[in-house]
Structures are given as C-alpha cells and as structure tokens.
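Structure first, then comments.
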Amino acid sequence: MVCDTCRDSLEARLDDELTPDEAREIDRHLATCASCSRQFATLTETHRLLSENLMRYAAPDVLKARIRGAIAQAASPRVSVRAAPPWWRQLAAGILIAIASSGVTLTVVDRSRGGTAAAEELLASHVRSLMPGHLTDVVSTEQHTVKPWFNGRVDVSPAVPNLDGAGFPLVGGRADYVRGRVVPVVVYARRQHMINVYAWPSPSAGAASAKDLSRNGYHFVTWRSGGIEYWAVSDLNAAELHTFVATFSAAR
Amino acid sequence: MTDGDLQRFERVVLPHLDDAYTLARYLLRDEHDAQDVVQEASLRALRYFDGYSGGDARAWLLAIVRNCSFTWRKRQRADDRTVPVEDTAELPTREADAPDVAAMQASERARVQRAISALPEEFREVIVLREVEDLSYREIGDIVGVPIGTVMSRLARARKRLAVLLDVDVREAS
C-alpha cells in the first residue's frame, strides 16, 4: 500500500468505519511506515483530547418541564376531566391513612362542572408558568423567604412547608391571577417536574375534599386545610403527586 | 394526536433532550438560544412525528435540532439585532506546574472547549456529531445533508485544525 492511499483512510480507521479487511490492511501498513504511523498517532491523540474533554450538557430541568408543558398543550389545547381510574381508589386508601394523622379528611368526589372549569384555568396557568421567566417571582429554596413574600401581595397566607427531606425541594413562589383573583402559588420540584400549588380562601371551612383530575399527563389534586383550598398541578405522575399532597398536608 | 401517540413520543423522543441540548449549545454557543431552539425543535418533532419511520430517534431529533439552529441563526442575522459573540479568546498559555489535578483537568477542558468554538461552523458541527454525539459517518451525512465523502473530508480538516490549535505533537510513534 502506498502512503497516499493509507492517509486517505486514517480517519475512517480511527472512527471504525472500515471493513475488517480494510482495517487490517491499514494496520499492516502502519506497522511498517513510521511517517503514516506518526500521523495516525497525532490523529488518535487529537481524538482522545476531544472525546475526553468536550462537554456533554444536561438540558436544564426547567427546560424539560417547559417542553413537557408545551407538548401537552400542543397535543391537546383542551383539558377534560376523567373519572378516577380504579387503581386510584386503592391509592386513595393509602393516602387516607397518611393524611388521617394531620387532621385532614379526604374523600373522593365525583366530577363536577366547577372542578372542570377550575382545572382548565389552572392548566393554562401552569403551562404559562413554565414559559421562560414566568415560574417564580421570588426564587428561594427557603420557606422563611417565600412565605413572607406573599404578605401584602395576596390575601391568603398559604402553607409553605419545607419538603426537602421528602424529595420535593422548594423552588419559589409567585402571585398569579386565576379564577378571578390574585392568588399565591408555591412552586416545588420533583426531578425535572414542576409542581404548582395554588391557594384560595375556602368558601366553606371544615372537611377537606380531594378531587383527582388528569389530562394528557397533567394531574390535579385539590384539598382543603386550615380554611384554605389548595390545588396542586403537575405533570408528575399521579402516585407521586399524591405523595406530595400527603406530605404537604402533613407538614407544618 | 391521541394519548397513545403522545406517550409514544414522550417515550421515544424525549429521552434524547440532553443530546439535543448539547448539540444546540455547540452550534449556537449560547445557553439561552440553545434552550429556545431545543424547545422549538421538540415541538417541530411532535408535529412531524407521523413522518418518523422508527429509525434511530436520537439522530432524527438531532437533525431537527440542527435545522432549527440553522434557521434560528439565519433569522438572527437577518434581524441584525444581535452581534454574534465570536469566541476570539486566545488559547491559554501553559500554566506553571499546577499541583491540582482537578484544576489541570478543568484547564484542559477549557482549552479544548475554546478550540472547538474557534472552528468554522461546518467543521464544528461534524466534530460535535462525531466526538460528542458519537454518530456514524452515514448518520452525520444524513443530518448535515452531505455525502459521506464530504463528512470524511470535513472531519479530517477539522481534526487537522484542532491538532494545531491544541498543540498535539506526537514525536515518536509507538
């Protein structure tokens, strides 16, 4: 083999793009030709420097959440309510036990018009919140920063428990306009999923009811505690969202 | 689109968002532009998901990211609002024996990173597709829209330039 032919194939040899026969032929030439061999060594070293040092970036969690949100919205602009699937009832039983200790009662409620309308508004708000720069007005992982931030901005003071230990880090808070009023929203994360927790003064005090709605990978759970009606919205799977709600309600 | 299609899309395409983002970062050299382009590319992928024939989903998504990046840059140039930030920083001079291995690795990494952003676009994209995304010549050719021979010659020229920029000097072949 002449050197010119060999040099034309060095890249392909390095990148494993030759047939075994071709590769053997190149290797035989390299074993006998110092000049080609040196060129191949330079190439190999360059390749090593590049493949070992070039950065592989991880897409930021907020970007992934944004994309999931945009995709769900593009795939179906309308949200509708589905009856709770049977497995949910089993799950609900588990959550009942978890929540019983926090003094919150939980019941499964049939679908209602009001719930659907609220879910539609909340989904729109949730998706909007995932657009760049809309998620949080106050960015803080510290509950004692987020809770006071709501003072004077909204007339509800939501619970802002620290759920780090349970794997739901606090991301921050914002004031949002939903269902005709400005409401506080507390934002938590679970891996690349964002959880928005909305709070309203509850029209009726007393027993909390939980509704479970879902559409296109979005889940909504609502419950009542301390005279406040909460709605948690996320693309997190239903089981984990319920764990979140149970943890949130139990925390003080 | 049915829930089933959507789930399939999420299962097949979304796991490659890190790779998509990496490619966009190298092509656009700006983290915010890269985020916007990856989001745009994901939505475009969703729209064209019907046309996806079931081959390598990663290469398919990367091709869309590459096209979106291209369009994005063209639009930016047309707008002429943004001044392209060329990385003209000089390569760092060799530091005196740094005792810290981590620091040495970090500076090596920075040196390689700078060298690659100094490459012209057409070289940079083949290098990233090959050395970072680990694609075959054929896949790279499909993504960039050139014959395999062109992929090979661009890779060869790109590596030659990088060898010089990175000061790769092999004295004795083993």
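The values are calculated or read from the model by the stated rules, or taken from the named source; none is laboratory data. A quick note: this is a predicted structure, and the numbers were derived from the prediction, not measured. Note that each Cβ is placed from the backbone with ideal geometry, even for glycine, and that neighbours are counted across all protein chains shown.
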A careful count of residues in segment B:151-166 that are more than 22 Å from B:R58 (Cβ to Cβ) and not in a loop (DSSP other than H, G, I, E, B) gives 10
So, first residue in the same structural domain as B:V126 (by TED's automatic domain parsing) in segment B:154-168, second residue among the small types (G, A, S), Cβ within less than 7 Å, six or more apart or across chains; the pairs are B:L162/B:A115; B:L165/B:A115; B:L165/B:A118; B:L166/B:A115
Taking segment A:149-180 and the residues there that are assigned to a loop (DSSP other than H, G, I, E, B) and touching a Gly at 6+ places or on another chain (Cβ under 8 Å), the one that is farthest from A:V245 (Cα to Cα) would be A:F150
Scanning segment B:116-130 residue by residue, those crowded, with 17+ Cβ neighbours inside 10 Å and either within 10 Å of chain A (Cβ to nearest Cβ) or assigned to a helix (DSSP H, G or I) (or both) turn out to be B:I116, B:F123, B:R124, B:E125, B:V126, B:I127, B:V128, B:L129, B:R130
If we ask which residues in segment B:10-31 are touching a helix residue (DSSP H, G or I) at 6+ places or on another chain (Cβ under 6 Å), surrounded by fewer than 21 Cβ atoms within 10 Å (Cβ to Cβ) and not in a helix (DSSP H, G or I), their number turns out to be 1
Of those in segment B:131-150 that are assigned to a helix (DSSP H, G or I) and aliphatic (A, V, I, L, M), the residue nearest to the other protein chains (Cβ to nearest Cβ) is B:V132
Worksheet item: For segment A:47-62, does any single residue satisfy the condition of being touching a residue at least 40 places away in the same chain (Cβ under 8 Å), touching a Leu at 6+ places or on another chain (Cβ under 9 Å) and surrounded by 12 or more Cβ atoms within 10 Å (Cβ to Cβ)?
Response: yes
Checked segment A:197-218 for anything at pLDDT 90 or above and either closer than 20 Å to A:A70 by Cα or in a loop (DSSP other than H, G, I, E, B) (or both); matches are A:V197
The correct count of residues that are more than 7 Å from chain B (Cβ to nearest Cβ), among the hydrophobic types (A, V, I, L, M, F, W, C) and in a helix (DSSP H, G or I) in segment A:24-74 is 8
Taking segment B:8-31 and keeping only residues that are more than 19 Å from B:I116 (Cβ to Cβ) and within 8 Å of chain A (Cβ to nearest Cβ), one is left with B:F9, B:E10, B:L14, B:L17
Among residues of segment B:32-46 being surrounded by fewer than 19 Cβ atoms within 10 Å (Cβ to Cβ) and over 11 Å from B:N67 (Cα atoms), the residue farthest from the other protein chains (Cβ to nearest Cβ) is B:D33
If you go through B:R73, B:R66, the only one that is more than 23 Å from A:L14 (Cα to Cα), at pLDDT 95 or above and not aliphatic (A, V, I, L, M) is B:R66
